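Asker: I am attaching a structure below and will ask some questions about it afterwards.
The values are calculated or read from the model by the stated rules, or taken from the named source; none is laboratory data. No experiment lies behind these values; they were computed from the predicted model shown. Please note that ligands, DNA and RNA were not included when accessible areas were found on the heavy atoms of the full protein model with its side chains. Shrake-Rupley method; radii C 1.70, N 1.55, O 1.52, S 1.80 Å.
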Amino acid sequence: QVQPVESGGGLVQAGGSLTLSCVADGGFFYRYAAWLRQAPGKERESVAVVDYVGPKYYSESAEGRFTIFRDNGKNTVYLQMNNLKPEDSGVYYCATGSGRESYEYWGRGTQVTVSS
């Protein structure tokens, strides 16, 4: 079964950029691939979702700053994050599934910390 594996997290200053990668190890991404994040003490929230057939969906906080894209040839989904803010800090999870808002397979997460 597919196992999403994230990479690319780290420490960055506010205003900086970071690109996260997620490889579908052992399989392929389903129709929907998503990035979600969870900050300490907060619920996990969707950041960006990409549909295999093209449409992309962003949270209000990500719109205009983040870009999700998938390279099916490389079996990889990326999240390019620009103009990062301290409130973007958290563990970022990659997930995939047949539903736009429900996912069968999850990665273990990668930490993103944005310093002010």
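Asker: Find the percent of Cα-Cα distances in the stretch 3-116 that exceed 16 Å, and round it to a whole number. Don't jump to the answer; show the numbers that get you there.
Answerer: Working: 3455 of 6441 pairs.
Beyond 16 Å sits 54 percent of the P(r) for the stretch 3-116.
Asker: Taking every DSSP beta bridge with both residues inside the chain, roughly what % is antiparallel (nearest 5)?
Answerer: For the chain, the DSSP antiparallel bridge percentage is about 90.
Asker: In whole percent, how big is the carbon plus sulfur part of the accessible area of the chain, probe 1.4 Å, protein atoms only? Present the calculation step by step, with values, prior to reporting the outcome.
Answerer: Values: 2820 of 6130 Å².
The nonpolar share, carbon plus sulfur, comes to 46 percent.
Asker: Keeping every protein chain present and rolling a 1.4 Å probe, give me the accessible area per residue for the chain in Å². Could the numbers behind the result be given before it?
Answerer: Details: 6130 Å² over 116 residues.
Ligands and nucleic acids excluded, the result is 53 Å² per residue.
Asker: Dividing the Cα radius of gyration by the Kirkwood radius, what Rg/Rh value follows for the stretch 49-116?
Answerer: Numbers: Rg = 12.7 Å, Rh = 13.2 Å.
Computed over Cα atoms, the ratio is 0.96.
Asker: Would you please classify the overall shape of the stretch 1-50 from the alpha carbon gyration tensor, given that a ≥ b ≥ c denote the square roots of the eigenvalues, rounded means a/c under 1.5, and beyond that prolate means a/b larger than b/c while oblate covers the rest?
Answerer: Working: a/c = 2.15, a/b = 1.56, b/c = 1.38.
Here the stretch 1-50 falls in the prolate category.
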